[in-house]
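Student: Sharing a structure below in structure tokens format, with a few things to ask.
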Amino acid sequence: MKALPCLLMSFSATLAVAQEFDLQPPGEREFVSDEAGLLDEASVAQIREICDKLLTDKATPIIVVTINSMAEHGGGNNMPIETFAALLFNQWQIGHAKLEGQDWNTGILLLVSKGDRRARIELGAGWGRSENQTCQQIMDEFIIPQFKQGNFSGGIVAGVEALDKMARKLELPSRPKSAMEYIVPLVFVGLAIFTAVSLYRRGASGWAWLFWGGVFTVLWFVMRSMANSRGSGGGFGGGSFGGGFSGGGGASGSW
């Protein structure tokens, strides 16, 4: 008798692995499947622009999916959204398990089930559990408050913008900028103005203007490069799906 619960658990796990939902993934670099009709055209265009740039820069796809309910797509009446999201992630193979021989798997799924009043951020296995806290913050501060007000487009767009920041290892939009982030541009502008005024007063030749213009152009690009550290070093031209699988990390929310 004691073996019966173990056999049932094993049988349920086998069914979960084999289960597939009647949901088709969006096309390569389309990023959005709005089955529940929660997004307006402008929001879809904005999401695709953000996600396309992130995929090119970081080889990290964000896939946004809205559905009316999990049960409608074969999820059953009692399936947790965490299970549904993980199975869907694996079914679609979001992201790439490896790139250039390196473990990668940094895909991101944002799933919204309108009828169940549940949302889930599901992360690829390459994230581990390192960003669970950040995902929960994104869910609690960017997505769910908007959903509670009935603003699904706004919540999803805000969530995608925050996930983009997370994937780039940048501070989330809600966090105040550090003093240094304000001081460095001000110093740069002040130094540029001071140099221009000095050159003008001294009646400097055109070559001097060209030289200092070149110096400040280089400094500007160095600053931009530092602000966008961890770049891919080149444009990733692949698609959103390529063998990625869920690692169980992420965050859930309800409204």
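The values are calculated or read from the model by the stated rules, or taken from the named source; none is laboratory data. Every value quoted in this text rests on a predicted model; they were computed, and no experiment measured them. Every residue, glycine among them, receives a Cβ derived from its backbone with ideal geometry; neighbour counts consider all protein chains shown. In case anyone asks, the SASA skips ligands and DNA or RNA and just uses the protein heavy atoms, side chains included. Shrake-Rupley method; radii C 1.70, N 1.55, O 1.52, S 1.80 Å.
Student: Take the range 48-83 and flag every residue that is over 13 Å from G244 (Cα atoms) and touching a strand residue (DSSP E or B) at 6+ places or on another chain (Cβ under 7 Å). Break it down into steps so the answer makes sense when it comes.
Tutor: Going residue by residue through the range 48-83, those that are over 13 Å from G244 (Cα atoms) are 48-58, 64-83.
Result: R48, C51, L54, V64, V65, T66, I67, S69, M70, H73, I81, E82.
Student: Residue check: is Q136 open to solvent by 30 Å² or more (accessible area, probe 1.4 Å), farther than 26 Å from G238 by Cα and in a helix (DSSP H, G or I)? Quick ask: steps written out before the conclusion?
Tutor: Numbers: open to solvent by 30 Å² or more (accessible area, probe 1.4 Å): yes; farther than 26 Å from G238 by Cα: yes; in a helix (DSSP H, G or I): yes.
Against the criterion (open to solvent by 30 Å² or more (accessible area, probe 1.4 Å), farther than 26 Å from G238 by Cα and in a helix (DSSP H, G or I)), Q136 qualifies.
Student: A follow-up question, please. Could you list, in sequence order, the residues of the range 16-47 that are among the hydroxyl-bearing types (S, T, Y) and touching a strand residue (DSSP E or B) at 6+ places or on another chain (Cβ under 8 Å)?
Tutor: Let us first name the residues in the range 16-47 that are among the hydroxyl-bearing types (S, T, Y), namely 33, 43.
Within the range 16-47, S33 is the sole residue that qualifies.
Student: Which of the residues that make up the range 28-43 are of a type outside the set (G, A, S) and crowded, with 19+ Cβ neighbours inside 10 Å? Let's see the steps before the verdict.
Tutor: Looking only at the range 28-43, we keep the residues that are of a type outside the set (G, A, S), and these are 28-32, 34-35, 38-41.
Result: F31, V32, D34, L38, L39.
Student: Does R118 count as touching a residue at least 40 places away in the same chain (Cβ under 8 Å), more than 26 Å from L23 (Cα to Cα) and in the same structural domain as V64 (by the TED database)? I'd like the intermediate steps shown before the answer.
Tutor: Details: touching a residue at least 40 places away in the same chain (Cβ under 8 Å): yes; more than 26 Å from L23 (Cα to Cα): no; in the same structural domain as V64 (by the TED database): yes.
Judged against the criteria, R118 is not a match.
Student: Next up: Residues of the range 91-124 being surrounded by 16 or more Cβ atoms within 10 Å (Cβ to Cβ) and in a helix (DSSP H, G or I), which ones? Let's see the steps before the verdict.
Tutor: Within the range 91-124, the first condition is being surrounded by 16 or more Cβ atoms within 10 Å (Cβ to Cβ), and the residues that meet it are 92-97, 99, 104-114, 116, 118-124.
If the condition is that a residue be surrounded by 16 or more Cβ atoms within 10 Å (Cβ to Cβ) and in a helix (DSSP H, G or I), then W92 is the only one that fits.
Student: Which of the numbered conditions does Q93 fail, given that it passes all the others? Conditions: (1) in contact with a Ser or Thr (Cβ under 8 Å, 6 or more places away or on another chain); (2) on the phi > 0 side of the Ramachandran plot; (3) not basic (K, R).
Tutor: (1)
Student: Just checking, how many residues over the range 139-153 are open to solvent by 20 Å² or more (accessible area, probe 1.4 Å) and on the phi < 0 side of the Ramachandran plot? Before the answer, list the steps.
Tutor: The first filter runs over the range 139-153 and keeps only residues open to solvent by 20 Å² or more (accessible area, probe 1.4 Å), leaving 140-142, 145-146, 148-152.
Those still in the list that are on the phi < 0 side of the Ramachandran plot too: 140-142, 145-146, 148-149, 151-152.
Going through the range 139-153 one residue at a time, the tally reaches 9.
Student: Checking K53 against (1) crowded, with 16+ Cβ neighbours inside 10 Å; (2) of a type in the set (D, E, K, R); (3) over 19 Å from G253 (Cβ atoms), which single condition isn't satisfied?
Tutor: Among (1) crowded, with 16+ Cβ neighbours inside 10 Å; (2) of a type in the set (D, E, K, R); (3) over 19 Å from G253 (Cβ atoms), the lone unmet condition for K53 is (1).
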